[in-house]
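Everything below concerns the one structure shown next.
Here, each number is a calculation from the coordinates, and none is a lab measurement. Please read all numbers here as calculations on a predicted model, not as lab measurements. Reconstructed Cβ throughout: ideal geometry from the backbone, glycine too, with neighbour counts over all protein chains shown.
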Amino acid sequence: MLPKTKRLGSKDITKLYKGGKRVNNALFSVLYKASPISKFSVSVSKKIYKNAIDRNTAKRKVLAIIKDISPAISAEYSISIRTKINDLPHQVLVKEIKNILCQK
């Protein structure tokens, strides 16, 4: 889990939906807005994974990758997982997350 200073709150997320920009790829949809401090949120729909265990596993995988690359990034991000990622290799997820976060 990310420290509280690195997490987006509900008010921050609504601001992102109003004034942020969106980037999509096959695995993720990302809303972002420039900010001096990097903050993140990760969400998974029940349409993607029915079980909470699977949703939490997907979130943990993405958050672990974000924790490693967050010092190099300064913006607010809301990442939505668009497809099943639990069976993908770690290297593929790292590559996809780095690509989508660097597309801005």
- For D12, D87, ascending order of other Cβ atoms within 10 Å (fewest first) is D87, D12
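Given the DSSP H assignment, sum -39500 (n - 2.57) over each helix run of at least 4 residues in the chain and divide by its residue total; what's the result at 222 nm in deg cm²/dmol, nearest 500? Let's see the in-between values first.
Numbers: 3 runs with 40 residues, N = 104.
The helix-only estimate for the chain comes to -12500 deg cm²/dmol at 222 nm.
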- Task: Using label points projected 7 Å from each Cα along Cα→Cβ, tell me how many nm separate R82 and K4, to one decimal.
- Result: 3.4 nm
- For the chain, with the dipole built from +1 on Lys and Arg beta-carbon atoms and -1 on Asp and Glu ones, taken about the Cα centre, which of L2, I13, S70 lies farthest toward the positive end? I13
